[in-house]
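K.L.:
Before I ask anything, let me first share the structure, which is written out below as structure tokens.
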Amino acid sequence: MTERLEANDAGISRAAELLRAGGLVAFGTETVYGLGADATSDTAVARIFAAKERPRFNPLISHFPDAEAAFTEAVADELARRLADRFWPGPLTLVLPRQPDGTISDLAAAGLPSVAVRVPRGTVTAALLRATGRPVAAPSANLSGKVSPSDAYHVLRGLTGRIDAVLDSGPCQVGVESTVLDLTGTAPMLLRPGGVTIEALAEICGPISHPDDYTDTLPVSPGRMASHYAPSLPVRLDAQEVGADEALLAFGPELPGAGLVWNLSPSGTVDEAAARLFAGLRFLDSEGARRGLTRIAAMPIPRAGLGLAIRDRLRRAASPRPA
Ligand code: TXA
Ligand code: MG
């Protein structure tokens, strides 16, 4: 049975108790719902991979209530501290060297000498992490390769019976995953565009290469695997018109002729579009299939601000699926 826990003191205590006992608890963050487990326990972390049917080689992000806790597990240089000061709590994940006496399990780090750490925003999330008192490993709370969950209902649709509980803190504010920045090399490298824009990062790091310039062939970060965030209907990008057999994922004024539409942002605002992205993909997928439509046509999204993260997720949703 999967418990649905309210975001109050009793719910938070129960969630922390389950995590400390090696259980799986999904919880809301400002980005998406995470599927949490005690990051210091190989057995607990192994249950995440099993529940998600996720390939073993994917390293997981560890979550902390504050920067001080994060930097007991990850070695922070001056740049990491400045980034943490500016963006934590918030949707930025830093990949840093593991502390020699760190407690994060090898399975959570996928055997790498580095570790991904993040301090999410939100009072319920912080209270849960503080009550748990250990790093919490949490990938998005969906079956591997499927659309990420932006509310507790999405989590339950995919994972009921596979996890112990979901702590329901309502819909996620940002709606796309955290930005992943690797600081282990000579220059900061963006591994995944996300909730903190590269424009904002650049104010502290200087120029960072643009994610649209990346090829999808580099295996550096498994989140960059081409097919990901995939609805069951195929996705067509940068649509200029919409066919009779297509559902429309609109941005701004809608293309004429679509029978089924989810508008990410009628006013053309990328922040609003990010918050509505995963719910929209889920809606068009299920409702489109029910109506016998065969594809999702996605209108163009601007290459600025959270538009980069949205474009990245849509590109993956449109990639050919593994057999
Ligand atoms: O917003 C988020 O980041 C959500 C919420 C739940 O916090 N979590 C999330 O986790 O998206 P996940 O596991 O789906 O994505 C982790 C990303 C992947 O792209 C993974 O490859 C990368 O972080 N990553 C983790 N550890 C890494 C490491 N040591 N080196 C390089 N990339 C790493
Ligand atoms: Mg994910």
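The values are calculated or read from the model by the stated rules, or taken from the named source; none is laboratory data. Everything numeric in this text was worked out from a predicted model, so none of it was measured. Please note: Cβ atoms are built from the backbone with ideal geometry, for glycine as well, and neighbour counts cover all protein chains shown. Ligands, DNA and RNA are excluded from the accessible area calculation, which covers all protein heavy atoms including side chains. Shrake-Rupley method; radii C 1.70, N 1.55, O 1.52, S 1.80 Å.
K.L.:
So the check is Cβ under 8 Å with 6+ separation or different chains; which pairs have a first residue in segment 169-182 that's in the same structural domain as T269 (by TED's automatic domain parsing) and a second one that's in a loop (DSSP other than H, G, I, E, B) and modelled with pLDDT of 95 or more?
P.N.:
Taking only residues 6 or more apart or on different chains, not a single pair turns up.
K.L.:
Do we find that A69 is in a loop (DSSP other than H, G, I, E, B) and crowded, with 17+ Cβ neighbours inside 10 Å in this structure?
P.N.:
no
K.L.:
Now for a separate question. Since S265 meets every condition but one in (1) in contact with a helix residue (DSSP H, G or I) (Cβ under 7 Å, 6 or more places away or on another chain); (2) closer than 18 Å to P149 by Cα, which condition does it not meet?
P.N.:
With (1) in contact with a helix residue (DSSP H, G or I) (Cβ under 7 Å, 6 or more places away or on another chain); (2) closer than 18 Å to P149 by Cα applied to S265, the lone miss is (2).
K.L.:
Determine which single condition P219 fails, assuming it passes every other condition in (1) surrounded by fewer than 18 Cβ atoms within 10 Å (Cβ to Cβ); (2) at pLDDT 95 or above.
P.N.:
Just one mismatch for P219, condition (2).
K.L.:
Looking only at residues in segment 53-66 that are part of a loop (DSSP other than H, G, I, E, B) and buried (at least 18 other Cβ atoms within 10 Å of the Cβ), which one is farthest from ligand 1 (Cβ to nearest atom)?
P.N.:
P65
K.L.:
Related question: For R20, indicate whether it is closer than 18 Å to L159 by Cβ, open to solvent by 40 Å² or more (accessible area, probe 1.4 Å) and in the same structural domain as S169 (by TED's automatic domain parsing).
P.N.:
Considered against the rule, which asks whether it is closer than 18 Å to L159 by Cβ, open to solvent by 40 Å² or more (accessible area, probe 1.4 Å) and in the same structural domain as S169 (by TED's automatic domain parsing), R20 comes out as no.
K.L.:
Let me ask something else. Please find, within segment 146-155, the residue that is nearest to the chain's Cα centre (by Cα) out of those that are more than 11 Å from ligand 1 (Cβ to nearest atom) and part of a loop (DSSP other than H, G, I, E, B).
P.N.:
V147
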